1. Hey, residue 48 hits all of (1) surrounded by 10 or more Cβ atoms within 10 Å (Cβ to Cβ); (2) basic (Lys, Arg); (3) at pLDDT 90 or above but one; which does it fall short on?
2. Against the condition in a strand (DSSP E or B), surrounded by 15 or more Cβ atoms within 10 Å (Cβ to Cβ) and at pLDDT below 95, how does residue 38 come out, does it pass?
3. Going residue by residue through the stretch 12-25, is there one that turns out to be modelled with pLDDT of 95 or more, assigned to a strand (DSSP E or B) and surrounded by fewer than 10 Cβ atoms within 10 Å (Cβ to Cβ)?
Amino acid sequence: MAYPQRETGAAVALAPCFDVVTVRGYTDRTGEERAAYTRIGAAWKRDRGGYKLRLDALPIQETLFLFARREANAGDAGDA
């Protein structure tokens, strides 16, 4: 069986649409339940449907979450 050929041209957007995140629950020093979000990759929306994922790390948990990327605040760029 032959796989379909990749389209010439841009098949995905230049910037990722989503961050790929895994979440780990933990208890802090005060005994309060907390959640730690770790970005492990990015996702691009494909023109032909679906998403392309690039993982920089493999999750320990079995669940991945996709969160829309946030726009950087213009006021934060010049502050140091």
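The values are calculated or read from the model by the stated rules, or taken from the named source; none is laboratory data. Source: prediction; values computed, not measured. Please note: Cβ atoms are built from the backbone with ideal geometry, for glycine as well, and neighbour counts cover all protein chains shown.
1. The single condition residue 48 does not satisfy is (1).
2. Working: in a strand (DSSP E or B): yes; surrounded by 15 or more Cβ atoms within 10 Å (Cβ to Cβ): no; at pLDDT below 95: yes.
Answer is no for this residue.
3. no
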